[in-house]
Amino acid sequence: MNFFEFAWSISPKLLQGSLTSLELTALAISIGLILGIPLSLGRVYGNKIIYTLSTIYVEAFRGTPVLTQLFILYFGLPSIGIMFPPFTAAVIGLGLNSAAYQAEYFRGAIQAVKDGQMVAARSIGMSKIKAIRYIILPQMFRLVIPSWSNELILLLKASSIAYMIQVSELVSVGRQIASQNFRTFEVFLVIAFIYFVIVEILNRILHSIEGKIKIPGL
Amino acid sequence: MAQTVLKVENLHKSYGKVQVIKGINFEVKKGETKVIIGPSGSGKSTLLRCINQLDRIDKGQVWLEDLEITKSHIDINQIRASIGFVFQSFNLFTHLNALDNVRIGLMRVKRIKEEDATKIAIEELKRVGLGGKIHNYPAQLSGGQQQRVSIARALAMSPKLILFDEPTSALDPELIGEVLEVMINLAKEGVTMIVVTHEMGFARSVANDIIFIDYGTILEEGPPGEIFKKPKHKRTAKFLSKITQLEGEKAK
């Protein structure tokens, strides 16, 4: 079997692994998004308590390796009676981790919105919450797309770390195949190519979204 | 006797140890155009921001018609919705076109239906001469046009009065005229306004009453005829002669 025949023969398994990787990434990025927005708002607009709590969260998750976080979730928590299946543990771990990073990107984007926008919103009688909802967040989302794209791509690639807690994602499937036929070099060449293609597609999608919601004249 | 729209009593404001406003009192009647002049850093802009409490005041009272709006239990958002504010730097919402800039307050603060809000917004944009630009975004408008949209944004809320904070100071000289023209028309229509400005021509011809502020206090107050022709205070005379001299040089 030459390289291409070999690549073709393992493609069903790799496709399965790729789907798991994508699923893991999609769920984790969503958790990160849902938690990251309130965390960033807490860091920018929160009172002392909220600010401190959100800061502790962000610093704790950014200050420790994601692998450690996954191990705590998967191998650590069972010792106090909390057990997750591998995939769930990976989604939670990567999601909580991504929330911290996304919160920082959102915070930066919120702070990049000019102060006058909030003042003007308040001057026409909007409450702070309405001003955030209708004026600040819509501008924040536009500003954050480039760095958020980066986070999405990093997360997709980092999702391979779930291999360490027995999730059958792309890299883990590759290891299995390679252990059967020892064509490690070729297997991982194909896998690298798959990641590359997915990243390119994601990049293009996000780039086109960025272009579509761009503010005219800016 | 016209109704009093705004009354400011013994207003004090400090930033840290710096006292910016040191006990200011004045009244604005319905339909009046009150112009506030004075050197930079004299507290003019702070005074405006204290009136609708974008800046918290330290001491004193502000009444909007019969309501003391400096009381602690007042819903300040509701009050601000009835006081227009026009900023030096326009502060239009950058992600919204002219129409949405003007109607967002109607829809989100006053909860007016989209259809009705749109009608009002288009009317106000026409009033400032921008009926043909309703779909333009701020970045697609000149400074003068942006400032006129922001005046329309204030007008749309049918405010009891509008505060103008140096509305032409950020504009290129050739764009000042179009904004002043809009403001002159509003004054004629009887819109109650407080205008902080360095445009002495506007002050002279449009103001019913001029307040000269220096070091956080009102040094003198009176109709333009009095203030410009025979100022009571040396500081006023000096300030006016300096500024008129500048205008003279501009004219050359």
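The values are calculated or read from the model by the stated rules, or taken from the named source; none is laboratory data. Quantities reported herein were computed from a predicted structural model and do not represent experimental measurements. Here the Cβ is made from the backbone with ideal geometry for all residues, glycine too, and neighbour counts use every protein chain on show.
Tabulated values for the structure
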read-out	value
Of the criteria (1) aliphatic (A, V, I, L, M); (2) more than 21 Å from A:ILE136 (Cβ to Cβ); (3) buried (at least 18 other Cβ atoms within 10 Å of the Cβ); (4) more than 10 Å from chain A (Cβ to nearest Cβ), which one B:ILE74 fails	(3)
Tally of residues being touching a strand residue (DSSP E or B) at 6+ places or on another chain (Cβ under 7 Å), over 15 Å from B:HIS12 (Cα atoms) and not β-branched (Val, Ile, Thr) across segment B:31-62	4
Identity of the residue in segment B:183-198, buried (at least 22 other Cβ atoms within 10 Å of the Cβ) and not aliphatic (A, V, I, L, M), that ends up farthest from B:LEU48 (Cα to Cα)	B:THR192
Wholly within segment B:171-252, helices (runs of 4 or more DSSP H) carrying at least 3 residues that are under 23 Å from B:ILE51 (Cα atoms)	B:173-189, B:200-206
Some residue of segment B:116-132 being within 13 Å of chain A (Cβ to nearest Cβ) and either basic (Lys, Arg) or surrounded by fewer than 20 Cβ atoms within 10 Å (Cβ to Cβ) (or both)	no
Residue in segment B:19-37 that is touching a Ser or Thr at 6+ places or on another chain (Cβ under 7 Å), modelled with pLDDT of 95 or more, within 14 Å of another protein chain (Cβ to nearest Cβ) and crowded, with 23+ Cβ neighbours inside 10 Å present	no
Condition check for B:ASN136: under 23 Å from A:ARG122 (Cβ atoms) and not basic (Lys, Arg)	no
Hits in segment A:62-82 - residues which are polar (S, T, N, Q), surrounded by 12 or more Cβ atoms within 10 Å (Cβ to Cβ) and in a helix (DSSP H, G or I)	A:GLN69
Leading residue by the ranking (farthest from the other protein chains (Cβ to nearest Cβ)) among those in segment B:77-108 that are aliphatic (A, V, I, L, M) and more than 26 Å from B:SER14 (Cα to Cα)	B:LEU99
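Yes/no per residue for (1) touching a Leu at 6+ places or on another chain (Cβ under 8 Å); (2) within 14 Å of chain B (Cβ to nearest Cβ); (3) of a type outside the set (A, V, I, L, M, F, W, C); (4) without any contact (Cβ under 8 Å) to a residue 40 or more places away in the chain:
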position	(1), (2), (3), (4)
A:SER127	no, yes, yes, yes
A:ALA131	no, yes, no, yes
A:ILE136	no, yes, no, yes
A:LEU156	yes, no, no, no
A:LEU170	yes, no, no, no
A:ARG183	no, no, yes, no
A:VAL187	no, no, no, no
